[in-house]
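Notes follow once the structure below has been shown.
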Amino acid sequence: MQTKIIKINPIGEEDAWLDEAAALIRSGSLVAFPTETVYGLGADAMDPLAAKKIYAAKGRPSDNPLIVHIARLSELEAAATDIPARAFKLAEAFWPGPLTLILRKNRRVPRETTGGLDTVAVRMPSHLVAQKLITGSGRLIAAPSANASGRPSPTEASHVAQDLDGRIPLILDGGTVGIGVESTILDLTEGTPVLLRPGYITRKMLEDCLGEPVRTDPGSLSAASPTPPKAPGMKYRHYAPNAELILVDGEPGRVAEEINRLVHTAQQDGKKAGVIAAEETKALYRADYVACIGPRQDEDAIAGHLYKTLRELDAQAVDIIYSECYHTPRLGETIMNRLRKAAGYHIIYV
Ligand code: TXA
Ligand code: MG
């Protein structure tokens, strides 16, 4: 299959791309599109065969459910049922935006979309292209991140093409996304709200809005947890580069010393070694390739560059990557969640 890439100006009033993209969605085909978090791989959420095409294109395990994207609050009831008051409170505060809610599913949503579950993940993206695609196609759009399963999520159209070229008919290129890490996922199907995946909407923002505590899914914290994560996707090695990734955590000077020692040892074993470092510390490293993730002072930049940096190191064909840790005030929980998973929880404390 030939993959067409259309460059779009989201604020242009001429939406020449929309007819073509909407027709593909309506015919049960796939379209990759930008959202404010990462690029999504979209299909008609109510069409079981279209959902199956998503799993096939990504090489995604079929028990890993998709997020249903809506453009208006009135569409929420087409996806979900028994919607609690909390959901409307959160929707009012954070939609459109990077928050996904787990709710009881409407009977009309096929199990192919929800990975066999009775619950459904719903979010209303704020990106104009995503909104126009949903509204223009007249469908709710099921979309996972538009990467090959297990690979870092795409923050640019070129990343989608790297993973899915020849496997999907259309990529809408809306440039680099704004946030760069996937939406926060909050489960509202239990007595108390449970955070399944941290994201740009922080726990504190959720708690302030709801006026009650938000629990963390214990299964999402480590590979060694006795309970599996409640978001099936969080159990797979994820967001990962091709090379082995190891995190080194501690005081920055000691981290640099330890990473340089590890790089040296790896190189003596004939390995090509890469490092992920902040702007402020990158000059401390001696490695085959040092990728700068952004200034420590700018956590939005670090979150935004995370996946691109992992892809950049893959392009350098390094065998092993050592990374600093970024426990930044607001997005640290999210950044470290993705880094830990990408590293398969391999962390060295110094
Ligand atoms: O920002 C985002 O959320 C992006 C953009 C494209 O919207 N999408 C995204 O989708 O990250 P994906 O498929 O890469 O991640 C969806 C996560 C998976 O971990 C999946 O297991 C979880 O959501 N999920 C979906 N439905 C669920 C459900 N009913 N219960 C628990 N977890 C669910
Ligand atoms: Mg994903």
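The values are calculated or read from the model by the stated rules, or taken from the named source; none is laboratory data. The shown structure was predicted, so the numbers you read here are calculated from the model rather than taken from an experiment. All Cβ positions, glycine included, derive from the backbone under ideal geometry; neighbour counts span all protein chains shown. Just so you know, the surface numbers come from the protein's heavy atoms only, side chains and all, with ligands and any DNA or RNA stripped out. Shrake-Rupley method; radii C 1.70, N 1.55, O 1.52, S 1.80 Å.
Here is a yes/no grid of residues against (1) under 30 Å from VAL263 (Cα atoms); (2) touching a His at 6+ places or on another chain (Cβ under 9 Å); (3) of a type in the set (A, V, I, L, M, F, W, C); (4) open to solvent by less than 30 Å² (accessible area, probe 1.4 Å):
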| residue | (1), (2), (3), (4) |
| --- | --- |
| GLU212 | no, no, no, no |
| ARG215 | no, no, no, no |
| ALA223 | yes, no, yes, no |
| ALA231 | no, no, yes, yes |
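Entry remark, the stretch 233-253: residues being surrounded by fewer than 19 Cβ atoms within 10 Å (Cβ to Cβ) and in contact with a Ser or Thr (Cβ under 7 Å, 6 or more places away or on another chain) number 1 in total. Put simply, of VAL120, VAL181 the only residue that is hydrophobic (A, V, I, L, M, F, W, C), touching a Ser or Thr at 6+ places or on another chain (Cβ under 6 Å) and within 17 Å of VAL38 (Cβ to Cβ) is VAL181. Quick check on ILE201: is it part of a loop (DSSP other than H, G, I, E, B) and closer than 30 Å to ALA315 by Cα? When the stated conditions are applied, ILE201 does not pass them.
Report whether or not LEU196 is within 16 Å of ligand 2 (Cβ to nearest atom) and assigned to a strand (DSSP E or B). First the steps, then the outcome.
On the way: within 16 Å of ligand 2 (Cβ to nearest atom): yes; assigned to a strand (DSSP E or B): yes.
Yes, satisfied.
Quick check on my filter: what residues within the stretch 292-342 are out of contact with any Ser or Thr (no Cβ under 7 Å at 6 or more places or on another chain), assigned to a loop (DSSP other than H, G, I, E, B), open to solvent by less than 20 Å² (accessible area, probe 1.4 Å) and over 18 Å from ARG197 (Cα atoms)? Scanning the stretch 292-342 gives VAL318, CYS325. Residues in the stretch 163-184 that are in contact with an Asp or Glu (Cβ under 9 Å, 6 or more places away or on another chain) and open to solvent by 10 Å² or more (accessible area, probe 1.4 Å): 6 in all.
Tell me whether the stretch 13-28 contains one or more residues that are under 23 Å from the mean Cα position of the chain (by Cα), at pLDDT 95 or above and under 24 Å from GLU156 (Cα atoms). Looking through the stretch 13-28, at least one residue is under 23 Å from the mean Cα position of the chain (by Cα), at pLDDT 95 or above and under 24 Å from GLU156 (Cα atoms). The condition (being open to solvent by 20 Å² or more (accessible area, probe 1.4 Å) and modelled with pLDDT under 95) is satisfied by just one residue among SER74, SER62, SER126: SER62. Taken over the stretch 138-162, the residue count meeting the criterion of being in contact with an Asp or Glu (Cβ under 9 Å, 6 or more places away or on another chain), surrounded by 22 or more Cβ atoms within 10 Å (Cβ to Cβ) and not hydrophobic (A, V, I, L, M, F, W, C) is 7.
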